[in-house]
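Working notes, beginning with the structure itself.
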């Protein structure tokens, strides 16, 4: 990793979590990016190889605390913010005020909602940086590519919601499905729950079993409501249940929909195929085939399949992505590429690793 | 395992598969049962400990081929039939003709459908033993206890369908949910797919990932249609998608329903709680709590939870059981206990093994 | 679980960990035992079903803190002590002083070493209850059955050390192997590391990989030194490396030994077979066969295999047990049965659960 | 994947197995290589995306049978041969006879042994291509880099043996360890066993457990004997036991050695550090630290750690690599790079994927 004057200067805030380490994995192979700053408050002073031994062979900046960073002096081209909820608002506000030329791609949920009232309702408090909430662009590239190119602050979408939106939004836009009868049953790998030491995330609590959580009231729903309502041009409220599966990576969403009058399940498949025909990171399988989460592991790909339900007029749409890549850090690098003017696929060409 | 003249004589046909070995695990601890016959055509002549080393410390009959058995001479009190589809019809027909006093609990799908036309439609051929198809009693104890007590031939229900029925049937009977808007998203451990050597069931194909299969046309749907329609008193056709999870045991079904007019989600919970108040093997969790498949592992228990969806009038019901126990062999022993006049819980008192 | 006046009164101290829950799983099916006390300091006031939902269908005492227990009034017949290191010494000392008729089976390492100097060396401090350290009997039943019958305080052996001793001790006693060339490579399931919320025990840190830990200095070595030296009649110091495998249960030890002059590998097998011929919980496989940890899962069995190394005069001995059963709680119930005069196998007849 | 006239033309023979798919994964990102031929006899006529859905987004040659290939016309620059034992000898012989300018990197064991007698002893028959057996260069780059550069036929080393050699060979060469007291206890992920549909490789047979296999007589030993004897300058025969762990990828070898007189464990660490100081794909951890297999997953790295045993003069060396990358296909691409004159690390810069 020889330093190159031509490379952009990148910081990763919150590098000791899984989305942080995944950003480092991807950026180490990005030909235009140089990691010049890594923060992790509780691990400040340690080397990245101590926190994530897979980086042992690489030279990387020593971890520092966020408070110790002089944003102006750091002069980052772009900062990835992979911090917990709420902390983020303060940090982004501080960073963008002191270093207004630095761009920010935020992986938390803090800037995803446009509506201050919706934010307050779901999170139980006023937003701490309402100015930047307005400025933020929702970073699902396949939907907002042009806005992202011009954005200074991008709110990287959630993993569950990315997976669901990539399958459902084109169908709502095409008015091909009934917005009132959408059921989304989602299954996530354990990395989606982060790296905090909690009893319920121990290997022996999680392996060899399956369960739902946050039934009826998961916060990701606010993001789905916003984006689906925009796509449909009316209020949409779906049924959504997240589950944890005994695997590290992957989200698979099984989505039950009813075709609108005059539309067939084949029309749904055609609409998705057309929508994604030129997209590098979304692949629609042949009609009737459905995807497996393991076949996108480690890659920035989303696979989507459409099959007929046996009930006339109903379809089952299944989409899958790697929650740490297209569902988080890969999506973030895709946003970075647009924000900094690189080809969109740079550094994201990894082929999925199966098995 | 000293032989006791008072014990009933039990045969397990198809002992080299997982439902077969699970029957042996349970029967070895059943105080009234003695295993006197084990068949496994491809492993005939071998000891059970060669096929399943966990039985090394136990004395068990040598495996024999089915054709070599003289049913009359065997004089079994009860035979468990854990054979592949179609083979079963011939074997059961032969056995019951030659040894009409032997009772049979069949774990295949062959005798579950009452309607010969429905059978022919789903399986693509006429039933080979229509006489016994009519005689067979559907063996979901919580629904058909009295009939099972008097039955000679019991069709043990499927694992997916047991899990779904235990949650949905009481709600249909109580007319508490709309029969036209039921979505059942089911996840099964790999033992549900059996012990055949297939590429798609290899460890490296299955671990670290998730997928749906049989989307829109799984054969278990015939069984659901029959039982749900009987419960509702009208035709019911649900949306059902089976998935495979990277775990050995367990089925968890996430069921999306709409309450009928005047019924609340709390009413649904009350209906289930009342239905199962005296059942030893079905446990309804407190309102709002949902179960994990790992907490019933190895036991004959079903756990059911009911939670509110955020959409008014909609509920999410989650049920879970061990596909090899309550979903197959434990259910079969429960049927045996009724058929032979033992207390229903005999030999089924295992506490779930977690972790 | 109807109360019966004839049952012995049992307490489980430290019921919120995995050895605690495993004791409860076994005791619930023990026909002579009644659980009358469950302690868990951090979960005091909660129900066991909250801490371990698999017990939801069972009536069990509410969890209390240890300090709140009046040992005299509790009048336990036997207390299982499944507490962390050091805490144990204080609690056992207090309990046996106040309720001298209560018997104690301690699952910690605190009373396993006979030598106060060895204890101080390995644990870095003087023993806090030296009087009871002397009284304690080492609870590996197959080696000390008679002493255990008369003991008031039994030190239940460690999981790694049980697995290794059952394979090696008879060979040392028979002077069949060279005590100076023993290499023990052990692999344990994650439950062996307990239920504490630590980052390195999270599912995503542990699954899909393998590693050694405590290389060269694991505390279990003190216990091995003591027991192997007693068996050999001279000082023995083995090479021992523990590893963690991505599975819940099971220890498998691959043991490399050299036969003493005049002894063949077949002699080693014969020595083990003879030693265990009447033991209900140790099964020696036919010569050349080696065991798999999954085939003893959930049972109190140990499987041992002996195979020739290709180097003349060297053998590979492999032993396996379930770390939570024969390696901890099953062994403890086996000790309880002896201490209270029940048949040794009572409540321990579970057949291994595979798959 | 636009075709480029400057790229070398590569064939993968046996593309439907895991080493085949891993070659495709790596080659798709190799800037100088173009895959022009994929063979898979049983899947001939199918698309690669049917056999391995992770390749769905990529254009790749349709699978053909080996017999249908005209080697001369194919004019491959290099063929990777990932075929089963014995088949390989015939195919390589045929290929090199008809297309003598094509280079071959063979991933099977067929050309690894130099000695025709050793081959016949371990495999039970004469070698079918003795001429090429002599020509073949053993492809462990770190040991034979110069020979590999000039080779036409390279025998890619085995996964277990690569892992063991990288740790042990430098120590034997430095005469730092006693060649008569080496114990190698190896643990492999399931992909090492290939993709054949065998009962013992099913998910439910493999998950949640651990076992040794081929105890005392695994064929990989022939390769270890050859290379260790060459390194030591005398006959070396180690104790070696392979195990299967419930994980997809990774080999971890725990190696027990005795230092030669005058050498300390620190000297061993120093010898390894010096040997690998400039190697891009071998990383020696700081003294006393030991590696985890998950931290090299998906990368071409080997991590090696050295720790003191508590027995004076004894050390524990642990090495780990990804069996499909450095243990097979990554090693093969590294060989290809040397054979075709590319920089050695081209296409192998993937950072390990953890978690």
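Working only within the stretch D:178-214, note down all residues that are closer than 22 Å to residue C:242 by Cβ and surrounded by fewer than 19 Cβ atoms within 10 Å (Cβ to Cβ).
D:181, D:213
Looking only at the stretch D:32-51, decide whether some residue is in contact (Cβ under 8 Å) with a residue 40 or more places away in the chain, crowded, with 16+ Cβ neighbours inside 10 Å and assigned to a loop (DSSP other than H, G, I, E, B). Walk me through it before giving the result.
To start, the set of residues in the stretch D:32-51 that are in contact (Cβ under 8 Å) with a residue 40 or more places away in the chain comprises D:32-33, D:36-37.
Now narrow it down to the ones that are crowded, with 16+ Cβ neighbours inside 10 Å: D:32-33, D:36-37.
Next cut, assigned to a loop (DSSP other than H, G, I, E, B) only: D:32.
Scanning the stretch D:32-51, I find at least one residue that is in contact (Cβ under 8 Å) with a residue 40 or more places away in the chain, crowded, with 16+ Cβ neighbours inside 10 Å and assigned to a loop (DSSP other than H, G, I, E, B), so the answer is yes.
Quickly run through the stretch B:35-58 and pick out the residues that are more than 9 Å from chain C (Cβ to nearest Cβ) and over 22 Å from the mean Cα position of the chain (by Cα).
Within the stretch B:35-58, the first condition is being more than 9 Å from chain C (Cβ to nearest Cβ), and the residues that meet it are B:35-51.
Result: B:36, B:41, B:42, B:43, B:44, B:45, B:46, B:47, B:48, B:49, B:50, B:51.
Test each condition in (1) touching a strand residue (DSSP E or B) at 6+ places or on another chain (Cβ under 9 Å); (2) in a loop (DSSP other than H, G, I, E, B); (3) touching a residue at least 24 places away in the same chain (Cβ under 8 Å) for residue D:175 and report the one that comes out false.
(1)
Select the helices (runs of 4 or more DSSP H) contained entirely in the stretch A:64-134, then report the ones holding at least 3 residues which are crowded, with 21+ Cβ neighbours inside 10 Å and more than 18 Å from the chain's Cα centre (by Cα).
Numbers: elements: A:71-74, A:87-98, A:116-123.
Passing ranges, in order: A:87-98.
Hey, among the residues in the stretch A:145-170 that are touching a strand residue (DSSP E or B) at 6+ places or on another chain (Cβ under 6 Å) and in a helix (DSSP H, G or I), which one's nearest to residue A:83 (Cα to Cα)?
Here the answer is A:159.
With the condition kept exactly as written, say whether any residue in the stretch D:225-240 is within 13 Å of residue D:168 (Cα to Cα), surrounded by fewer than 20 Cβ atoms within 10 Å (Cβ to Cβ) and out of contact with any helix residue (DSSP H, G or I) (no Cβ under 8 Å at 6 or more places or on another chain).
yes
For residue C:16, indicate whether it is at pLDDT 95 or above, in a loop (DSSP other than H, G, I, E, B) and within 14 Å of chain B (Cβ to nearest Cβ).
On the way: at pLDDT 95 or above: yes; in a loop (DSSP other than H, G, I, E, B): yes; within 14 Å of chain B (Cβ to nearest Cβ): yes.
The answer is yes for residue C:16.
Output the residues belonging to the stretch A:187-202 that are within 7 Å of another protein chain (Cβ to nearest Cβ) and not in a strand (DSSP E or B).
Filtering the stretch A:187-202 down to residues within 7 Å of another protein chain (Cβ to nearest Cβ) leaves A:187, A:190-191, A:195, A:197-199, A:201-202.
A:190, A:191, A:195, A:197, A:198, A:199, A:201 - these are the residues of the stretch A:187-202 that are within 7 Å of another protein chain (Cβ to nearest Cβ) and not in a strand (DSSP E or B).
Do we find that residue D:60 is within 17 Å of residue D:347 (Cα to Cα) and either at pLDDT 95 or above or out of contact with any strand residue (DSSP E or B) (no Cβ under 9 Å at 6 or more places or on another chain) (or both) in this structure? It would help to see each step written out before you state the result.
Values: within 17 Å of residue D:347 (Cα to Cα): no; either at pLDDT 95 or above or out of contact with any strand residue (DSSP E or B) (no Cβ under 9 Å at 6 or more places or on another chain) (or both): yes.
Here the answer is no, as residue D:60 does not meet what is asked.
Let me spell it out: the conditions are (1) buried (at least 24 other Cβ atoms within 10 Å of the Cβ); (2) within 14 Å of chain A (Cβ to nearest Cβ); (3) touching a strand residue (DSSP E or B) at 6+ places or on another chain (Cβ under 8 Å), and residue B:284 meets all of them except one. Which number is the exception?
(2)
Specify which of the listed residues (A:298, A:313) is touching a helix residue (DSSP H, G or I) at 6+ places or on another chain (Cβ under 9 Å) and farther than 28 Å from residue D:297 by Cβ.
On the way: A:298 fails: farther than 28 Å from residue D:297 by Cβ.
The conditions single out A:313.
Would you check if there is a residue in the stretch A:296-308 being at the interface with another protein chain (Cβ under 8 Å from one of its Cβ atoms), touching a residue at least 60 places away in the same chain (Cβ under 8 Å) and on the phi > 0 side of the Ramachandran plot?
Within the stretch A:296-308 (the criterion being at the interface with another protein chain (Cβ under 8 Å from one of its Cβ atoms), touching a residue at least 60 places away in the same chain (Cβ under 8 Å) and on the phi > 0 side of the Ramachandran plot), the answer is no, since none of the residues qualifies.
Looking at D:158, D:189, which is the one that is under 17 Å from the mean Cα position of the chain (by Cα), touching a residue at least 60 places away in the same chain (Cβ under 8 Å) and within 30 Å of residue C:323 (Cα to Cα)?
Details: D:158 fails: within 30 Å of residue C:323 (Cα to Cα).
Matching residue, one of D:158, D:189: D:189.
Sort through A:315, A:332, A:271 and tell me the only one that's more than 23 Å from residue B:246 (Cα to Cα), touching a residue at least 40 places away in the same chain (Cβ under 8 Å), within 26 Å of the chain's Cα centre (by Cα) and within 11 Å of chain B (Cβ to nearest Cβ). Step through it out loud before you land on a result.
Numbers: A:332 fails: within 11 Å of chain B (Cβ to nearest Cβ); A:271 fails: within 11 Å of chain B (Cβ to nearest Cβ).
Being more than 23 Å from residue B:246 (Cα to Cα), touching a residue at least 40 places away in the same chain (Cβ under 8 Å), within 26 Å of the chain's Cα centre (by Cα) and within 11 Å of chain B (Cβ to nearest Cβ) holds for just one of A:315, A:332, A:271, which is A:315.
Checking residue A:312 against (1) surrounded by fewer than 24 Cβ atoms within 10 Å (Cβ to Cβ); (2) assigned to a helix (DSSP H, G or I), only one condition comes out false. Which one?
(2)
Does the stretch A:182-192 contain at least one residue that is at pLDDT 95 or above, touching a helix residue (DSSP H, G or I) at 6+ places or on another chain (Cβ under 9 Å) and closer than 18 Å to residue A:275 by Cβ?
Looking for residues that are at pLDDT 95 or above, touching a helix residue (DSSP H, G or I) at 6+ places or on another chain (Cβ under 9 Å) and closer than 18 Å to residue A:275 by Cβ, one finds at least one in the stretch A:182-192, hence yes.
Select from the stretch B:19-31 the residues that are outside any helix (DSSP H, G or I) and within 20 Å of the chain's Cα centre (by Cα) and list them in ascending order.
Step one: of the stretch B:19-31, the residues outside any helix (DSSP H, G or I) are B:28-31.
Hits for the stretch B:19-31 are B:28, B:29, B:30.
Go through the residues of the stretch B:336-349 one by one and say whether even a single one is within 10 Å of another protein chain (Cβ to nearest Cβ), assigned to a loop (DSSP other than H, G, I, E, B) and crowded, with 24+ Cβ neighbours inside 10 Å.
As a first pass, look at the stretch B:336-349 and keep what is within 10 Å of another protein chain (Cβ to nearest Cβ): B:349.
Next cut, assigned to a loop (DSSP other than H, G, I, E, B) only: B:349.
When the remaining residues are screened for being crowded, with 24+ Cβ neighbours inside 10 Å, the result is none.
Looking for residues that are within 10 Å of another protein chain (Cβ to nearest Cβ), assigned to a loop (DSSP other than H, G, I, E, B) and crowded, with 24+ Cβ neighbours inside 10 Å, one finds none in the stretch B:336-349, hence no.
Against the conditions (1) closer than 28 Å to residue B:184 by Cβ; (2) surrounded by fewer than 18 Cβ atoms within 10 Å (Cβ to Cβ), where does residue A:271 fall short? Just the number, please.
(2)
The values are calculated or read from the model by the stated rules, or taken from the named source; none is laboratory data. Since we're looking at a predicted model, the values are computed, not measured. All Cβ positions, glycine included, derive from the backbone under ideal geometry; neighbour counts span all protein chains shown.
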